[in-house]
Each structure stands twice: as C-alpha cells, then as structure tokens.
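See structure below.
The values are calculated or read from the model by the stated rules, or taken from the named source; none is laboratory data. Since this is a predicted model, take the numbers as computed values, not measurements. Every residue, glycine among them, receives a Cβ derived from its backbone with ideal geometry; neighbour counts consider all protein chains shown. To get the accessible areas, we keep the full protein, side chains included, count just its heavy atoms, and leave off ligands, DNA and RNA. Shrake-Rupley method; radii C 1.70, N 1.55, O 1.52, S 1.80 Å.
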Amino acid sequence: MRKLHEDGILNSLAWVIMPDHLHWLFQLGEQMTLSEAMKRLKARSAHAINRCHGRHGAIWQKGYYDHALRDEEDIQGIARYIVANPLRAGIIEKIGEYPLWDAIWL
C-alpha cells in the first residue's frame with residue numbers, strides 16, 4: 001500500500017487492515033487503472049507474506065469490491081467509517097487499541 005502511494009500511483013486517504021480483509025480509501029492517479037493497481041498490491045503483498053512465512057500460493061481472493069465516491073459524498077465521514085471497522089466487528093473497544101489503520105486527517 002505504501003509503495004503504491006510513494007510511487008504516485010494513488011493517494012492513500014484512509015485504510016484499515018482487518019483479520020481477513022482490507023478497507024482502503026484512496027484517490028487513483030493517472031499512471032494505472034484500478035485493476036492494475038489492485039493486481040500490483042495483491043502480487044507484491046502475497047509475495048512478501050509468503051516469503052515471510054516460508055510458503056507459496058494465493059493469499060488474496062480473486063477480484064475485489066470497489067465503490068467510486070461522488071463529489072457530494074462526505075470523504076472524511078467515509079474515512080471514519082473505514083477506520084471504525086474494528087470497533088463494529090467487536091475486535092476492540094477503542095480505535096487507539098488497533099494498530100493497523102491510518103487516515104490523512106489524523
């Protein structure tokens with residue numbers, strides 16, 4: 001995720017990594033399509049995870065769910081919703097207890 005942001009492929013706004021999925025709010029640049037960016041994320045992260053755990057094979061499910069925001073949608077509200085996923089899932093009681101999230105507004 002960080003590499004895609006640093007390479008200017010996209011601008012990360014908010015994200016949270018859940019035990020079995022990822023929520024990520026970002027603005028896509030003009031270098032890649034959404035499909036290409038997701039393919040790169042999945043390939044690089046699967047390779048790194050497999051290397052770390054001494055295994056091989058698929059990490060991610062095929063495909064992904066995306067939702068394009070309209071101009072009138074509250075981006076900060078959506079970011080708050082994203083980072084609050086661990087709270088709603090009952091994993092934590094306070095967002096500060098969960099380490100795997102970030103948002104540019106904080």
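Structure data summary
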| item | result |
| --- | --- |
| Test: residue in the range 85-100 that is among the β-branched types (V, I, T), open to solvent by 40 Å² or more (accessible area, probe 1.4 Å) and at pLDDT below 95 | yes |
| Residues (touching a residue at least 24 places away in the same chain (Cβ under 8 Å) and in a loop (DSSP other than H, G, I, E, B)) located in the range 85-106 | A89, I91, Y98, L100, I104, W105 |
| Test: residue in the range 35-42 that is over 16 Å from the mean Cα position of the chain (by Cα) and without any contact (Cβ under 8 Å) to a residue 12 or more places away in the chain | no |
| Out of I59, I92, I49, sole residue that is touching a helix residue (DSSP H, G or I) at 6+ places or on another chain (Cβ under 6 Å), more than 25 Å from Q27 (Cα to Cα) and of a type in the set (A, V, I, L, M, F, W, C) | I92 |
| Of the criteria (1) surrounded by fewer than 15 Cβ atoms within 10 Å (Cβ to Cβ); (2) at pLDDT 95 or above, which one D20 fails | (2) |
| Of the criteria (1) outside any helix (DSSP H, G or I); (2) out of contact with any Ser or Thr (no Cβ under 8 Å at 6 or more places or on another chain); (3) open to solvent by 80 Å² or more (accessible area, probe 1.4 Å), which one Y81 fails | (1) |
| Residues of the range 9-67 that turn out to be over 29 Å from L87 (Cα atoms) and touching a Gly at 6+ places or on another chain (Cβ under 9 Å), as a count | 3 |
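To keep it simple, each residue is scored yes or no on (1) exposed (fewer than 14 other Cβ atoms within 10 Å of the Cβ); (2) of a type in the set (G, A, S); (3) modelled with pLDDT of 95 or more.
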{"position": "L28", "(1), (2), (3)": "no, no, yes"}
{"position": "L41", "(1), (2), (3)": "no, no, yes"}
{"position": "N50", "(1), (2), (3)": "no, no, yes"}
{"position": "A58", "(1), (2), (3)": "yes, yes, no"}
{"position": "K62", "(1), (2), (3)": "yes, no, no"}
{"position": "H67", "(1), (2), (3)": "yes, no, no"}
{"position": "D71", "(1), (2), (3)": "yes, no, no"}
